[in-house]
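Have a look at the structure below, then the notes.
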Amino acid sequence: MSKDIRQLVGQNVRRLREAAGITQAKLSAEMERDRSYISGLELGQRNPTVLTLWHLAQALGTQPKAFFEESQDPDKGAPNKPGRGAARGRSGARPR
């Protein structure tokens with residue numbers, strides 16, 4: 001099953017926020033949002049608008065495209081692709 005895009009965005013928001021050394025409270029104050037909104041966003045429970053993503057990117061010092069980047073698989077050093085493990089053939093092997 002592929003990862004919900006909201007979860008991908010939320011994981012990246014958290015990763016970028018923590019890398020910037022910013023708390024949820026500080027980020028929410030800068031964006032004039034409630035801290036629970038930031039929490040819900042990071043948990044993949046929110047569906048942010050393009051404008052919200054733009055404001056997040058500005059607050060975190062990044063570009064909006066950073067929220068859609070696939071995470072790196074530490075074991076393989078390659079980007080994780082949503083749904084890759086879900087579609088297996090009869091033998092159980094991954095498709096090539």
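Taken over segment 19-63, the criterion of being over 20 Å from Ile5 (Cα atoms) and of a type in the set (D, E, K, R) is satisfied by Lys26, Glu30, Glu32, Arg33, Asp34, Arg35. Taking residues in segment 45-70 that are touching a residue at least 40 places away in the same chain (Cβ under 8 Å), and partners anywhere that are loosely packed, with under 13 Cβ neighbours inside 10 Å, the pairs with Cβ atoms closer than 9 Å and at least 6 places apart or on different chains are Leu60/Ala19; Glu69/Pro79; Glu70/Pro79; Glu70/Lys81.
Bear in mind these aren't lab numbers, they're just calculated from the coordinates by the rules spelled out. Predicted, not measured: the structure shown is a model, and the values here were computed from it. Counting neighbours? That spans all protein chains shown, and the Cβs are built from the backbone with ideal geometry, glycine included.
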